[in-house]
Structures are given as C-alpha cells and as structure tokens.
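Data block below; observations after.
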Amino acid sequence: MTASTSVIRTEGLAVGFQGKPVVSDISISLRPGESIALVGTNGSGKSTLLKTLVGLLAPISGSIEVLDGVPGSTPRRIGYLGQFHAAGGLLPLQARDVVMMGRYPRRGLLGRITHDDRKIVAKSMQRMGVADLAGQPLRSMSGGQQQRVYIAQVLAREADLLILDEPTAGLDAGSAERYLQVVQEELQRGASVATATHDIGEAMTFDKAILLAGRVVAYGLPRDVLNADRLLEAFGIALRGIPHNGHQDLLSPQDPHGH
C-alpha cells in the first residue's frame with residue numbers, strides 16, 4: 001500500500017440487518033497507520049459497522065471499500081476480534097492453540113506450522129502477558145485472561161487492519177494499559193486499527209473517532225467529537241471535565257472514578 005491509499009473508505013454507508021438500517025450516512029476514511037474509535041452505547045451501531053467492515057454483514061446502501069476491495073475479500077490482511085468466542089469455551093483448547101489460529105489464514109487449516117509461526121505465537125502471547133498460560137486450557141481461565149489470549153490471536157495474524165469489538169471488556173487496568181501499548185506498537189509498524197469502545201479515555205488516544213447513537217452524532221478528531229455536549233447527546237448523561245495529564249477526562253457525575 002502507498003501512503004495515500006485508504007484502508008477504509010465509506011461514503012453514505014448504511015449498515016444494519018435484513019435490509020433494515022441501524023446506522024445510516026456513515027462517511028469515514030482511514031489510512032495506513034491510523035486508528036479510529038467507534039464510541040456509543042450498546043445498540044448504537046458500533047458492532048454492526050465493524051461486522052460490515054469485516055464482511056460478516058452486507059452493506060444496505062452507500063459505498064464501502066476495505067483494503068481497496070469489497071469487505072471480506074482480503075481475510076488474510078484483517079485481524080478481527082468479535083465480542084463472542086463460543087468455540088474457545090466449548091473445545092478443550094490450550095491457550096497456545098487459540099493463538100495459533102491467528103496463523104491459519106496464512107497456512108490453511110491443514111498447512112504445516114513453521115518455526116516462524118511458533119515464534120510469532122510466542123511473541124504475541126508475551127506481548128499480552130499470557131505466555132505463562134500457554135499450556136493451560138482456555139476454558140479454565142478467567143474472562144480477562146481469555147480476552148488477552150484472543151487479543152494475542154489477533155496480533156499473531158500480523159494483519160494490515162485490526163478490527164476490535166470492545167477489546168478491553170473484562171480487562172483489569174494493567175491489562176488495558178498493556179493493550180493500549182500494543183495498539184501503539186501495531187500502528188507504528190504501519191497497521192491500522194478500528195476499535196469499538198465505551199471508554200472515552202481510550203478513545204481519546206486514537207487518531208479519529210466516530211460517535212454513534214443509532215446515527216452518526218459526530219466524526220473527526222477525538223477532542224472535537226468527544227466533548228461534553230455531544231456525549232450528552234449520545235449517552236443521555238451529563239459529563240464533567242476533570243483536568244488530567246494535560247487533557248480533560250470526561251466523567252459521569254454519578255461515578256467519580258469514571259467506571
């Protein structure tokens with residue numbers, strides 16, 4: 001890809017189910033090495049948009065290009081983390097087996113696993129702090145440990161575009177910080193990242209943000225999109241700004257800790 005190529009480009013896109021839009025008029029663009037946060041409540045359209053970008057849902061109207069093609073046409077170049085991971089909980093898989101699945105798009109289900117594949121898997125697990133869990137059954141782990149294993153699986157794909165749906169769900173503060181550091185590392189190597197999140201602080205670290213509430217409330221730089229008035233419009237609660245490390249943390253007055 002050249003520096004000017006768009007990883008994601010949509011114009012007037014409507015996404016939804018069975019021909020019924022959940023969100024319409026989505027026009028966004030993302031270039032290599034850029035990140036975008038999708039912010040909104042449950043049911044706001046975040047997951048629906050991500051599934052459309054991956055190719056799991058067909059667009060209803062408008063135009064959409066992902067990695068210069070139609071969504072789903074380049075699965076080897078995309079790492080996707082959804083909200084539900086049924087197979088890992090049902091099958092007696094060890095953590096390293098789950099992370100190794102991230103290499104399957106390059107090798108095929110019956111392809112020979114190489115020494116390089118094993119090195120990449122081990123490094124991905126180390127980056128998410130789950131190397132010591134490699135031999136443990138996934139279903140014996142806590143929800144937060146499982147989530148870190150699945151993030152490691154996405155890292156093992158070495159994808160050009162990472163699409164992550166609520167990746168910090170179930171993570172403690174330390175693990176969430178580790179994840180955000182990993183995101184920065186992925187961006188530095190030239191990958192792009194699209195993440196759905198409820199966490200305003202997390203979203204503020206991204207290059208772009210789109211605020212959804214069954215419609216596009218705002219799109220642009222996080223500091224412009226995630227201001228108190230627009231968050232009130234999207235979330236239906238008043239937020240207050242707390243100075244912190246040179247920026248404003250927006251907190252609910254009902255929750256002094258921002259949780």
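A simple spin-label model places pseudo-atoms 7 Å from Cα toward Cβ; at residue 112 and residue 172 they are separated by 4.3 nm.
Can you give me the angle between helix 143-156 and the longest principal axis of the chain, using Cα atoms only, in degrees from 0 to 90, rounded to the nearest 10? Once rounded, one gets 80 degrees.
The phi torsions of segment 35-43, fed into the Karplus equation with coefficients 6.51, -1.76 and 1.60 and a -60° offset, translate into couplings of 10, 9, 9, 9, 10, x, 6, 4, x Hz, rounded to whole numbers, with Gly and Pro shown as x. Principal-axis analysis of the Cα atoms of the chain puts helix 115-127 at an angle of about 40° to the longest axis. Along its three principal directions, the equivalent ellipsoid of the chain from the Cα gyration tensor extends over semi-axes of 30, 23, 17 Å, largest first. The stretch between residue 56 and residue 181, if pulled fully straight at 0.36 nm per residue, gains 42.2 nm over its current Cα-Cα span. Between residue 94 and 138, the built amide H atoms are under 5 Å apart, and every one of these is 5 or more places off in sequence or on another chain.
Remark: segment 44-61, residue by residue, has Karplus-estimated 3J(HN,Hα) of 7, x, 4, 5, 4, 5, 4, 5, 6, 5, 6, x, 6, 10, 7, x, 7, 7 Hz, where x stands for each Gly or Pro and the curve is 6.51 cos²θ - 1.76 cosθ + 1.60 at θ = phi - 60°.
What does DSSP give for the chain in terms of the percent of beta bridges that are antiparallel, rounded to the nearest 5?
For the chain, the DSSP antiparallel bridge percentage is about 55.
Helix 173-188 and the long axis of the chain differ in direction by around 90°, with both axes built from C-alpha atoms. In a fully extended conformation the segment linking residue 70 and residue 221 would gain 51.7 nm over its present Cα-Cα distance, using 0.36 nm per residue.
The count of lysine pairs in the chain whose Cα atoms are under 29 Å apart, excluding pairs fewer than 8 places apart on the same chain, comes to 7. Every helix of 4 or more DSSP H residues in the chain counts as -39500 (n - 2.57), and over all residues that averages to -8500 deg cm²/dmol at 222 nm. For segment 118-178 and segment 40-70, what is the separation of their Cα centres, given in Å? About 24 Å separates the Cα centre of segment 118-178 from the one of segment 40-70.
Backbone amide hydrogens, once placed in the peptide plane, bring residue 196 within less than 5 Å of 38, 164, 165, 166, excluding anything fewer than 5 places away on its chain.
Readers should treat all values here as calculations from the given coordinates under stated rules, not as data from a laboratory. All values derive from a computational prediction rather than experimental measurement. Cβ sites come from the backbone with ideal geometry, for glycine too, and all protein chains shown count toward neighbours.
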